[in-house]
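Bear in mind these aren't lab numbers, they're just calculated from the coordinates by the rules spelled out. Quick caveat, the model's predicted, so the values are computed rather than measured. All Cβ positions, glycine included, derive from the backbone under ideal geometry; neighbour counts span all protein chains shown.
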Amino acid sequence: MSFKFSREDAADLINMIRRRRPQWTEKGILSQLQTAAEHGASLGQVTTAAENTWNNPKAKTPAALLWAEHWEVTTTKAVNLSGARYCVECNPARKHPIADMTQVGPGQWICDGHGPGKEDNA
Ligand SMILES: [Zn+2]
């Protein structure tokens, strides 16, 4: 059985998941990733499913990684890398050129003034 992503990729993904869901065990997550790999999931697919899972408040255990709803591909929400975005930290909300922003989540952007490590400047 050749997997479309490696054990090292899985380890990186587990770290990404556990940063957001620290109560989930490495073993529990790995077991779900292995199942996904055995069904032919690519790294991109499993990463997308992981992101959908950690963004889903109903996902309470690693088993949620395999929920069908987390594997539905949405092609309509293509990332638009031009123009301006609202900063989720600026209050009141302000738009900034995309070049001055960092994406922090699906549809969520913060401006350079609110970038990582700059929270104290708010
Ligand atoms: Zn801002």
Can you list the aspartates and glutamates whose alpha carbon sits under 20 Å from that of K58, skipping same-chain ones fewer than 8 residues off? E26, E69, E72
Here the net charge surrounding K27, from other residues whose Cβ is less than 14 Å away from its Cβ (Lys, Arg +1; Asp, Glu -1), is +2
Per principal axis, descending, Cα span of the range 7-70 in whole Å: 26, 23, 16
Where does the charge balance sit around A63 when Lys and Arg score +1, Asp and Glu -1, over other residues with C-beta under 14 Å from its C-beta? +3
List the aspartates and glutamates whose Cα sits under 12 Å from the Cα of K4, skipping any in the same chain fewer than 8 residues away. E38
